[in-house]
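Step one of this worksheet: look at the structure below.
Just so you know, all these numbers are worked out from the coordinates, no wet-lab data involved. Computed from a predicted model, the values in this text were never measured in an experiment. So basically every Cβ, Gly included, is an ideal-geometry build from the backbone, and we count neighbours across all protein chains shown.
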Amino acid sequence: MAGNAPQDAPHNDGSHGDAPHGDALPLVGITVVSIEQAVAAPFATRQLADLGARVIKVERPGGGDFARRYDTTVHGESSYFVWLNRSKESVTLDLKSDRGRAVLDELLSEADVFVQNLAPGAADRMGLGAAALAERFPSLVPCTISGYGTSGPWADRKAYDLLVQCQTGLVSLTGSAREAARVGVSIADIAAGMYAYSGILTALYTRAVRGTVRAVEVSLFEALAEWMSQPAYYTAHSGAQPPRAGTSHATIAPYGTWTAADGAEVLLSVQNEREWAALCRDFLDTPGLTDDPRFATGSDRVRHRPELDALIAERFAASDSATVMKLLDAIGIANAPVNDVGQFLEHPVLSGRDRWRRVGIPGGHTVPALLPPVDLAGVAPRMGDVPAVGEHTAPVLAALGHDAAAVEALRAAGVV
């Protein structure tokens, strides 16, 4: 990373200014056991780890979480895995073996939360469904993350992020008028991980306050379906879905990007009639546009978007991007340059608000990582290392009462 993302800063223990750390973290004392892979479940549990929970990540002996091999761009490690797995302990277990299952039961007997996003039906076959766990571990909060839910006509179907983007109709809204496109991040996984995280926190609160243990279930499809509600309402009540509009907003105008005289793209957004009048008067130098029936209301402006876009494009072509943005700022119109990822890494807000920390990754390197977006006053989030496969197997088993010889025997048998 270049620019303001820290490159050579010493490894940081996660403290933020003078804020207290350690026991001040709100989830210290909570233990999470997770049989997780890919994005959704690891994202949920990493956020619990950020707040101080002990997260024991159960991986396959040998290769571990298959997301470790999605790419090798971060000093040989996967960019996905580095993002999603800091501050966790990695324990390898062969869950197809009786001895491996016995060790898992030992872990669950001391855990507060169990998270899994196994393949459809696998948890139930292993006795790890919510009902079975409630009988054996009544204080354990189980969280299931699935593709399409654990019941219903698609319960047995695998689901990955882009499949769910397609199934919810999101891909049909994304891209240009000529071509649909996927959202450039794993948005279905991220949505499901966020709902799993908030669901787990709610279940822990309910257990603490009411003494009632509630199972948590989230599906990628239903998480992203919630995020599709606005275009769903629009489509159901208008008879047509919002069009693909590239960087323009499908139902608000003017709201999109235009190219300035220096070739740079700038986005502007007009949200109300006051801003529209200011744009006409002080930027387009045509105050009479507010009386033009083509542009009288927001809906009118959307219907006549091509004519409106042409007027704005002509004005943009007369000035360079810096001049355009300075003028828009002066009249109170929201605007921004269209950054690429490299420019995002150098964003002055991230450096100016001290959002970068260093975390360790396997192999002895450290890399910059962003602090969690939620700041709790007086609390510094944990920003611990990303574990190697099975890095914590021996100490975790030792804490369960397995001596060194027993651990070595399990390792020799391929159980860990």
Discussion item. Test of understanding: in a Gaussian network model of the chain with alpha carbons linked when under 10 Å, which of Tyr70, Tyr148, Tyr197 would top the mean-square fluctuation ranking?
Written reply: Tyr70
Response to the item:
Neighbour-count ranking for Glu217, Glu307 (other C-beta within 10 angstrom, fewest to most) reads Glu307, Glu217
Worksheet, complete the sentence: Ordering 395-405, 230-240, 74-84 by per-residue average of other C-beta atoms within 10 angstrom, highest first, gives 74-84, 395-405, 230-240
Practice prompt. Rank Ile145, Leu370, Leu133 by how far each Cα sits towards the positive end of the charge dipole of the chain (+1 on Lys, Arg Cβ; -1 on Asp, Glu Cβ) and give me just the farthest.
Written response: Leu133
Worksheet entry | Residue exposure sequence - Glu265, Glu391 - by fewest surrounding Cβ within 10 Å | Glu265, Glu391
Worksheet entry | Convex hull volume of segment 44-175 per residue (C-alpha atoms, cubic angstrom) | 142 Å³
Worksheet item: Which Cα, out of Gly298, Ala330, Ala261, lies furthest along the positive dipole direction of segment 255-343 (beta carbon charges, K/R +1, D/E -1)?
Response: Gly298
Practice prompt. Run the dipole for the chain about the Cα centre, Lys and Arg Cβ at +1, Asp and Glu Cβ at -1, nothing else charged, and hand back the magnitude in debye, nearest 20.
Written response: 800 debye
Worksheet item: Which percentage, to the nearest 5, of the DSSP beta bridges contained in segment 255-343 is antiparallel?
Response: 100 percent
Worksheet item: Which of these, Gly363, Gly193, Gly149, has the largest mean-square fluctuation under a Gaussian network model of the chain (Cα springs below 10 Å)?
Response: Gly363
Worksheet item: With all pairs of different alpha carbon atoms counted, what Kirkwood hydrodynamic radius in Å does segment 273-413 show?
Response: 21.2 Å
Worksheet item: With +1 on each Lys and Arg Cβ and -1 on each Asp and Glu Cβ, how big is the dipole of segment 314-368 about its Cα centre, in debye rounded to the nearest 20?
Response: 320 debye
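Taking the Cα centre of segment 275-346 as origin and charging only Cβ (+1 Lys, Arg; -1 Asp, Glu), how large is the dipole, in debye to the nearest 20?
Taking the Cα centre of segment 275-346 as origin, the dipole is about 180 debye.
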Discussion item. With every atom except the alpha carbons ignored, what do you get for Rg and Dmax of segment 208-302, in angstroms?
Written reply: 20.5, 65
Worksheet item: Dividing the alpha-carbon radius of gyration of segment 124-172 by 2.2 N^0.38 Å (N being the number of residues), what value is obtained?
Response: 1.48
Item to complete: Using +1 at the Cβ of each Lys and Arg and -1 at the Cβ of each Asp and Glu in the chain, identify which of His237, Gly121, Leu410 lies farthest towards the dipole's positive end.
Response: Gly121
Worksheet, complete the sentence: Final fewest-first order of Lys88, Lys158 on the 10 Å Cβ neighbour count is Lys158, Lys88
Practice prompt. First check a/c for segment 148-268, with a ≥ b ≥ c the square roots of the eigenvalues of its C-alpha gyration tensor; if it is under 1.5, answer rounded, and if not, answer prolate when a/b is larger than b/c or oblate otherwise.
Written response: prolate
Worksheet item: Ala334's amide H: which non-local residues (gap 5+, or another chain) put their own amide H closer than 5 Å, with H modeled 1.01 Å from N in plane and none for Pro or chain starts?
Response: Ser269
Worksheet entry | For the chain: relative contact order, % (alpha-carbon pairs under 8 angstrom, 6 or more apart) | 23 percent
Worksheet entry | Computed [θ] at 222 nm, helices only, for the chain once each DSSP H run of length n ≥ 4 contributes -39500 (n - 2.57) | -10000 deg cm²/dmol
Worksheet item: Could you list log10 I(q)/I(0) for segment 255-343 at q = 0.16, 0.23, 0.25 Å⁻¹, which the Debye formula gives when each Cα is one point scatterer?
Response: -0.60, -1.21, -1.39
Worksheet item: In 10 Å bins starting at 0, how do the alpha-carbon pair distances of the chain split up by percent?
Response: 4, 18, 24, 23, 17, 9, 4, 1, 0
Worksheet entry | Cα centroid separation, segment 110-166 to segment 222-284 (Å) | 38 Å
Fill in: Share, in percent, of DSSP beta bridges within the chain that are antiparallel, nearest 5
40 percent
Worksheet, complete the sentence: In vacuo Debye sum over C-alpha of segment 100-210, base-10 log of normalised intensity I(q)/I(0) at q = 0.18 Å⁻¹, listed in q order, is -0.98
